[in-house]
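Undergrad: After the structure tokens below, expect a handful of questions from me.
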Amino acid sequence: MTFQKLLGDIVGAANVLTAPADTKPYFTDWRKQYSATAECVVRPGSTEEVSRVVTLCAREGVAVVPQGGNTGLVGGSVPGGKRREIVLSLSRMNRIRSLDTLDDTITVEAGCVLAAVQNAASEAGRLFPVSLAAEGSCQIGGNLSTNAGGVNVLRYGMSRDQVLGLEVVLPDGRIWNGLRALRKDNTGYDLKQLFLGAEGTLGVITAAVLRLYPKPTATATAWIAVDTPRAAVELLSALRARLGDRLSAFELLSRNCLEAVLAHSADIHDPLTAAHPWYVVAELADSGEQAVLRERAEQALFDCAERGALRDAVLAQSDSQAHALWRIRETIPEAQFTNVKHDVSVAVSKTPALIERAEKALHAAFPDVRPYIFGHVGDGNLHYNVGPESLVAQRAAVNRIIYDAVAQLGGSISAEHGLGQLKREEIRAQKSPLEMELMQTLKDALDPKGLMNPGKVL
């Protein structure tokens, strides 16, 4: 019996895709940087089916590439094309298993789209705070395996901070059931942390118990103009002093980013009448009355303007206006699609220095350079993208400039997108030999045959 027939006996023949027209979307990453074929795409419908598929692959020596919504930006969820592989799509495993408003938890399968988890929480009067531009198509399994960030990290933390328990299929096919809803469990190693951010190289996340939070009853969104990134960081400190944890998001973007969005989408408009070099999108969330929070936000912005901490600001007066402001931020990635992209982080206080150092070095090397800088300045994470498109051919030289600036400031070359194929080799220059040895030791212990998402991370 052929390998594909054996897979079909497990998941059903209709869920083993082999025709090029069917497999093509699974074999190419979202940015179309990486594309390679695999033997087939397998779409299991349950954890038991995942276990049987992985067991078969282990027996046959076939590598497994776990895939969620395939919205990643580092080539981590597509085949490498250098050995026998299958793509294991978790998209059929999209059930919400339970939601408990007393424990404030939701248990979901890996193929649940992020927006569906957000909506389920909202309908129950709760908040699931992970929020990012791809939330309508990215899946929870992918979010957890890459430790996705998003706009609410400032208040709620990364994806790993939302996880209480996991269910994982190990490289030999065994199922580890760690679906616990405990806030405290001090009984040895926290095994779930091994798989969070591991990009499917240590096992396949099939389900998770996630934290929920009280749903805010009031929100306020502001679009703020500042002169420099340093002014933005100082404004962040001033607003946090006045507003505390009500400040849930604080996003920085350059004028270049706004201009790219305006050129890309005719129905998006500049929120302010005058142009400014830098902008911040800030969001507040709280319990209580909307009018009270808006008044508090207005007073904080007025105080900061009086002190010269900002140049201009507009506060959304309705949900539709708030949505329009956030749409600008969310449209940036597609508005400047083809350039050299970076997802980096430094300490918040060093964000201005990173921008200044990198920009100076880039202009010295490439006089026509055009940086597109945006990101989560509230947690030191910048998306430092570099155009024009012609510089893509000199990606290595551009990367070297950015990565050297990050290293000088004690930062990270991957803040929230992971390593995948894109940064697999570069990380060796960023981590100590001991760190790399420890990572390889974990990989060898859990996946001695090297069958889980080969060619990614390590």
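Undergrad: Say whether the condition of being crowded, with 21+ Cβ neighbours inside 10 Å, among the charged types (D, E, K, R) and within 24 Å of Asp227 (Cα to Cα) is met by at least one residue in segment 347-370.
TA: No; the residues of segment 347-370 include none that is crowded, with 21+ Cβ neighbours inside 10 Å, among the charged types (D, E, K, R) and within 24 Å of Asp227 (Cα to Cα).
Undergrad: Any chance you could count how many residues in segment 193-232 are in contact with a helix residue (DSSP H, G or I) (Cβ under 9 Å, 6 or more places away or on another chain), aliphatic (A, V, I, L, M) and more than 30 Å from Leu422 (Cα to Cα)?
TA: 8
Undergrad: Can you find a residue that is touching a residue at least 60 places away in the same chain (Cβ under 8 Å) and part of a loop (DSSP other than H, G, I, E, B) anywhere in segment 399-409?
TA: yes
Undergrad: For segment 402-413, which residues satisfy the criterion of being touching a Ser or Thr at 6+ places or on another chain (Cβ under 8 Å) and either surrounded by fewer than 19 Cβ atoms within 10 Å (Cβ to Cβ) or among the small types (Gly, Ala, Ser) (or both)?
TA: Result: Gly411, Ser412.
Undergrad: Kindly indicate whether Cys112 is outside the structural domain of Phe374 (by TED's automatic domain parsing), within 16 Å of Glu167 (Cα to Cα) and touching a strand residue (DSSP E or B) at 6+ places or on another chain (Cβ under 9 Å). Before the answer, list the steps.
TA: Working: outside the structural domain of Phe374 (by TED's automatic domain parsing): yes; within 16 Å of Glu167 (Cα to Cα): yes; touching a strand residue (DSSP E or B) at 6+ places or on another chain (Cβ under 9 Å): yes.
Yes: the conditions hold for Cys112.
Undergrad: OK, next. Give segment 1-35 a look and list any residue that's of a type in the set (D, E, K, R) and crowded, with 18+ Cβ neighbours inside 10 Å, or say none. Reasoning before the result, please.
TA: Looking only at segment 1-35, we keep the residues that are of a type in the set (D, E, K, R), and these are 5, 9, 22, 24, 29, 31-32.
Asp29 - this is the single residue of segment 1-35 that is of a type in the set (D, E, K, R) and crowded, with 18+ Cβ neighbours inside 10 Å.
Undergrad: In segment 37-59, is there at least one residue being touching a residue at least 12 places away in the same chain (Cβ under 8 Å), surrounded by 15 or more Cβ atoms within 10 Å (Cβ to Cβ), touching a helix residue (DSSP H, G or I) at 6+ places or on another chain (Cβ under 8 Å) and of a type in the set (Gly, Ala, Ser)?
TA: Checked segment 37-59: at least one residue is touching a residue at least 12 places away in the same chain (Cβ under 8 Å), surrounded by 15 or more Cβ atoms within 10 Å (Cβ to Cβ), touching a helix residue (DSSP H, G or I) at 6+ places or on another chain (Cβ under 8 Å) and of a type in the set (Gly, Ala, Ser).
Undergrad: Having 1 or more residues that are in contact with a strand residue (DSSP E or B) (Cβ under 7 Å, 6 or more places away or on another chain) and farther than 30 Å from Lys341 by Cα is the bar; report the helices (runs of 4 or more DSSP H) wholly within segment 2-107 that clear it.
TA: 3-11, 47-60
Undergrad: Now a separate question. Ala198 is checked against (1) crowded, with 19+ Cβ neighbours inside 10 Å; (2) outside any loop (DSSP other than H, G, I, E, B) and fails just one. What number does that condition carry?
TA: Tallying (1) crowded, with 19+ Cβ neighbours inside 10 Å; (2) outside any loop (DSSP other than H, G, I, E, B), Ala198 fails exactly one: (2).
Undergrad: Out of Val62, Val11, report the one residue that is of a type outside the set (Lys, Arg), under 25 Å from Gly455 (Cβ atoms) and touching a residue at least 60 places away in the same chain (Cβ under 8 Å).
TA: Just one listed residue meets the conditions, Val62.
Undergrad: While we're looking at this one, here's another question. Out of segment 206-231, which residues are of a type in the set (A, V, I, L, M, F, W, C) and out of contact with any Ser or Thr (no Cβ under 8 Å at 6 or more places or on another chain)?
TA: The answer is Ala220, Ala222, Trp223, Ile224, Ala225, Val226, Ala231.
Undergrad: Within the bounds of segment 287-294, is there any residue that is assigned to a strand (DSSP E or B), more than 22 Å from the chain's Cα centre (by Cα) and over 13 Å from Trp223 (Cα atoms)?
TA: No.
Undergrad: Against the conditions (1) farther than 30 Å from Thr101 by Cβ; (2) buried (at least 16 other Cβ atoms within 10 Å of the Cβ); (3) out of contact with any Lys or Arg (no Cβ under 6 Å at 6 or more places or on another chain), where does Ala300 fall short? Just the number, please.
TA: Of the numbered conditions (1) farther than 30 Å from Thr101 by Cβ; (2) buried (at least 16 other Cβ atoms within 10 Å of the Cβ); (3) out of contact with any Lys or Arg (no Cβ under 6 Å at 6 or more places or on another chain), the odd one out for Ala300 is (3).
Undergrad: Moving on to the next point. From the residues in segment 222-234 that are aliphatic (A, V, I, L, M) and either in contact with a strand residue (DSSP E or B) (Cβ under 6 Å, 6 or more places away or on another chain) or assigned by TED's automatic domain parsing to the domain that holds Glu359 (or both), which one is surrounded by the most Cβ atoms within 10 Å (Cβ to Cβ)? Let's see the steps before the verdict.
TA: Taking segment 222-234 first, the residues aliphatic (A, V, I, L, M) are 222, 224-226, 231-233.
Of the ones still in play, those that are also either in contact with a strand residue (DSSP E or B) (Cβ under 6 Å, 6 or more places away or on another chain) or assigned by TED's automatic domain parsing to the domain that holds Glu359 (or both) are 222, 224-226, 232.
Working: Ala222: 24, Ile224: 28, Ala225: 20, Val226: 23, Ala232: 26.
This residue is Ile224.
Undergrad: Quickly run through segment 410-458 and pick out the residues that are farther than 25 Å from Cys57 by Cα and part of a helix (DSSP H, G or I).
TA: Of everything in segment 410-458, those that are farther than 25 Å from Cys57 by Cα and part of a helix (DSSP H, G or I) turn out to be Ile427, Arg428, Ala429, Gln430, Pro433, Leu434, Glu435, Met436, Glu437, Leu438.
Undergrad: Now, a different point. What is the number of the single condition among (1) at negative phi; (2) part of a helix (DSSP H, G or I); (3) of a type in the set (Gly, Ala, Ser) that Gly244 does not meet?
TA: Checking Gly244 against (1) at negative phi; (2) part of a helix (DSSP H, G or I); (3) of a type in the set (Gly, Ala, Ser), the one that fails is (1).
Undergrad: Given the criterion more than 17 Å from Ser77 (Cβ to Cβ), touching a residue at least 40 places away in the same chain (Cβ under 8 Å) and over 11 Å from the mean Cα position of the chain (by Cα), identify the matching residue among Val113, Val117.
TA: On the way: Val113 fails: more than 17 Å from Ser77 (Cβ to Cβ).
Among Val113, Val117, only Val117 is more than 17 Å from Ser77 (Cβ to Cβ), touching a residue at least 40 places away in the same chain (Cβ under 8 Å) and over 11 Å from the mean Cα position of the chain (by Cα).
Undergrad: Yes or no: segment 337-360 includes at least one residue that is modelled with pLDDT under 95, in a helix (DSSP H, G or I) and in contact with a helix residue (DSSP H, G or I) (Cβ under 8 Å, 6 or more places away or on another chain).
TA: No, because not a single residue in segment 337-360 is modelled with pLDDT under 95, in a helix (DSSP H, G or I) and in contact with a helix residue (DSSP H, G or I) (Cβ under 8 Å, 6 or more places away or on another chain).
Undergrad: Is it fair to say Ala324 is more than 27 Å from Arg395 (Cβ to Cβ), outside the structural domain of Gln408 (by TED's automatic domain parsing) and in a strand (DSSP E or B)?
TA: It is false that Ala324 is more than 27 Å from Arg395 (Cβ to Cβ), outside the structural domain of Gln408 (by TED's automatic domain parsing) and in a strand (DSSP E or B).
Undergrad: Kindly indicate which of Gly68, Gly81, Gly111, Gly72 is crowded, with 23+ Cβ neighbours inside 10 Å and modelled with pLDDT under 95.
TA: Only one candidate qualifies: Gly72.
Undergrad: Same structure, new question: Identify, please: which residue in segment 422-447 is in contact (Cβ under 8 Å) with a residue 24 or more places away in the chain and more than 26 Å from Val377 (Cα to Cα) and is, among those, surrounded by the fewest Cβ atoms within 10 Å (Cβ to Cβ)?
TA: Leu442
The values are calculated or read from the model by the stated rules, or taken from the named source; none is laboratory data. It should be emphasised that the depicted structure is a prediction, and the values quoted were computed from it without experimental measurement. Because the Cβ atoms are built from the backbone with ideal geometry, glycine has one as well, and the counts that use them run over all protein chains shown.
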